[in-house]
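Every read-out reported here was derived from the displayed coordinates using simple, explicitly stated rules and does not represent laboratory data. Note that this is a predicted model, so its numbers are computed, not measured. Note: ideal-geometry Cβ built from the backbone for every residue, glycine included; neighbour counts use all protein chains shown.
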Amino acid sequence: MNVHTIDHPLVKHKLGLLRSGGISTKHFRELANELATLLTYEATQGLELVEEPAEGWNGTPIRIEQIKGKKVTIVPILRAGLGMLDGVTTLLPSARISVVGLYRNEETLEPVPYFEKFVQDLDERLAIVIDPMLATGGSMVATLDMLKAKGCQRIKVIVLVATPEGIARVSRSHPEIELYTAAVDEGLDSNGYIVPGLGDAGDKLFGTR
Ligand SMILES: O=P(O)(O)OC[C@H]1O[C@H](OP(=O)(O)OP(=O)(O)O)[C@H](O)[C@@H]1O
Ligand SMILES: O=c1cc[nH]c(=O)[nH]1
Ligand SMILES: [Mg+2]
């Protein structure tokens with residue numbers, strides 16, 4: 001798997017603030033969305049363009065470049081992925097949204113699926129999966145399995161923090177995936193939380209701590 005760790009100063013600065021203990025829900029939400037926008041800019045770097053005819057400001061015919069084809073579906077993994085959605089749609093305001101609901105069983109750390117709703121024509125779209133945390137990788141592998149079962153062929157993943165363990169697990173099952181992350185952290189603690197990490201991103205975004 002190709003891992004793009006975005007080391008832009010704005011990303012590092014905002015991620016540093018996001019890690020701070022005692023951060024408010026409001027600030028966590030703002031920073032998660034701002035980071036999502038910055039990572040989306042990087043993840044969309046390779047999108048294919050086509051030239052189209054248009055009329056310029058003075059009525060002259062001109063050629064403009066536009067993103068090609070059926071474009072993109074954004075795939076937030078519930079709940080925490082919703083905390084990045086506004087940040088992604090800031091740059092991709094017309095993208096269709098597919099939703100996957102998964103939670104991690106706190107004992108086994110395995111993902112438990114509870115919802116899915118995909119847009120049409122998945123085989124013609126680039127899917128951008130969003131979730132703040134790639135911990136054991138179980139939730140991401142389950143999501144990628146679901147997308148591929150529906151015919152999706154092109155998938156990118158944006159997370160805020162990843163672990164070496166999670167990257168290894170996704171790489172084993174889905175080696176062709178392009179992953180964009182603000183950081184690759186040290187690893188997992190004995191409860192499966194990322195260290196240094198962010199804590200429970202879903203709880204912080206939804207105020208359920
Ligand atoms: O890589 P994994 O070990 O699978 O862990 C990562 C998953 O855990 C978190 O979700 P959680 O299960 O806490 O659900 P929530 O978003 O509803 O809080 C996170 O948002 C990921 O989806
Ligand atoms: O550190 C972690 C691991 C899984 N899910 C989270 O929200 N945080
Ligand atoms: Mg959670």
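Kirkwood hydrodynamic radius (Cα pairs, Å) of the range 1-89?
Values: mean 1/r = 0.0634 Å⁻¹.
One over the average 1/r among Cα pairs gives 15.8 Å for the range 1-89.
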Inset, instruction - Note the angle between two axes, namely the Cα long axis of helix 138-149 and the longest principal axis of the Cα atoms of the chain, as a number of degrees from 0 to 90, rounded to the nearest 10. - result: 40
Inset, instruction - Note down the relative contact order for the range 42-163 as a percent, whole number, built from C-alpha pairs under 8 angstrom at least six residues apart. - result: 23
Legend entry - Cα-based helix-to-principal-axis angle, 25-43 vs the chain, degrees rounded to 10: 50
Inset, instruction - Within the range 124-194, report the GluC sites (Glu not before Pro) that DSSP leaves as loop and that have at most 15 other Cβ atoms within 10 Å. - result: Glu176, Glu186
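Per DSSP H run of at least 4 residues, take -39500 (n - 2.57); add these up for the chain, divide by its residues and hand me the 222 nm value, nearest 500 deg cm²/dmol.
Helix contribution divided over all residues of the chain: -9500 deg cm²/dmol.
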Legend entry - Dipole axis of the range 64-160 (+1 Lys, Arg; -1 Asp, Glu on Cβ), positive-most option in Gly138, Gly83, Leu126: Leu126
Inset, instruction - Would you mind checking the tilt of helix 164-173 against the longest principal axis of the Cα atoms of the chain, expressed as 0 to 90 degrees and rounded to 10? - result: 60
Inset, instruction - Among DSSP beta bridges lying fully in the chain, give the percent that are antiparallel, nearest 5. - result: 35
Inset, instruction - Kindly state, to the nearest 0.05, the FRET efficiency for Tyr193 paired with Asp121, given R0 = 30 Å and r defined as their beta-carbon distance. - result: 0.20
Inset, instruction - Averaging sequence separations of C-alpha pairs under 8 Å and six or more residues apart, then dividing by the length of the chain, give the relative contact order as a whole percent. - result: 24
